[in-house]
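The values are calculated or read from the model by the stated rules, or taken from the named source; none is laboratory data. From a predicted model like this one, the values you see are computed outputs, not experimental measurements. Positions of Cβ are backbone-derived with ideal geometry, glycine not excepted, and every protein chain shown enters the neighbour counts.
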Amino acid sequence: MSKVKYNRIVLKLSGEALAGEKGFGINPPVIKKIAEEIKQVCDLGVQVCIVCGGGNMWRGVTGEQMGMERAQADYIGMLGTIMNGLSLQDALESVGVPTRVQTAIEMRQIAEPYIRRKAIRHLEKGRVVIFSAGTGSPYFSTDTTAALRAAEMDADAILMAKNGVDGVYSADPNKVKDAVKFDHLTHMDILDKHLQVMDSTASSLSMDNHIPLVVFNLNTPGNIVRVVKGEEIGTTIEGE
């Protein structure tokens, strides 16, 4: 195996990243490209878990605008993450990467239920494991899912792949011209500065379990491999 910094990772993909420029729905060419990038990581011998968001299918704000109950809206979002997970599984297997989808809400006809020991065994056998349906409970984001699964899988890092954003900034760089990019931060910095990287539950969980987080631009080819090898790109968030 080539020298890598992280041997087991949780890759957090936003739903918007799977939609590409369309901004909504599933974009097959984009997903195929992401699958090819993930294959390069697997070829290095790295064990890969993936958590997909569902924002390309459904956003909680949509349900809120409809006057929908929060829990109900969250469950709809969980179903969106399952559709994304199945789409990504198909793309990965089309490029020769064996993949299993595990869901926190059971639907045995299309995916395995989430079982921690089984997921670890899949990783040890060289399979990519996609965790779908969030935590299975409303009021928790897929960021929290990524932090939780990273702790359960004893992952070396969470790789947060952003759609067009190359790290963590002091403000939204698309709106604030002089926003400052950070190369290194602590988990406490994220909480204290109220930086919009992940929600506070996910940040606290990552901090408490000493899980580093790397935020980087998914749209630059080869970036996932660069992060895994330890190249200084994006923003690295670690403990104190």
request  = Just need a number here: residues in region 148-184 that are under 30 Å from residue 136 (Cα atoms) and either modelled with pLDDT of 90 or more or hydrophobic (A, V, I, L, M, F, W, C) (or both).
outcome  = 17
query = Any residue at all in region 9-17 that is of a type in the set (D, E, K, R), under 16 Å from the mean Cα position of the chain (by Cα) and at pLDDT 95 or above?
reply = yes
note = Among residues of region 103-143 being surrounded by fewer than 14 Cβ atoms within 10 Å (Cβ to Cβ) and not basic (Lys, Arg), the residue farthest from residue 89 (Cα to Cα) is 139
key: Qualifying residues in region 143-178 (those that are touching an Asp or Glu at 6+ places or on another chain (Cβ under 7 Å) and not charged (D, E, K, R)) - the one nearest to residue 20 (Cα to Cα)   = 163
key: Conditions (1) more than 14 Å from the chain's Cα centre (by Cα); (2) surrounded by 23 or more Cβ atoms within 10 Å (Cβ to Cβ); number of the one not met by residue 51   = (1)
message = Step by step: first the residues of region 1-12, then only those that are hydrophobic (A, V, I, L, M, F, W, C) and part of a loop (DSSP other than H, G, I, E, B), then the one that is farthest from residue 150 (Cα to Cα). Which residue is that?
response = 1
Residue pairs meeting the criteria (Cβ under 8 Å; at least 6 apart or on separate chains; first surrounded by 24 or more Cβ atoms within 10 Å (Cβ to Cβ), in region 7-26; second of a type in the set (Asp, Glu) and modelled with pLDDT of 90 or more) = 9/156; 12/143
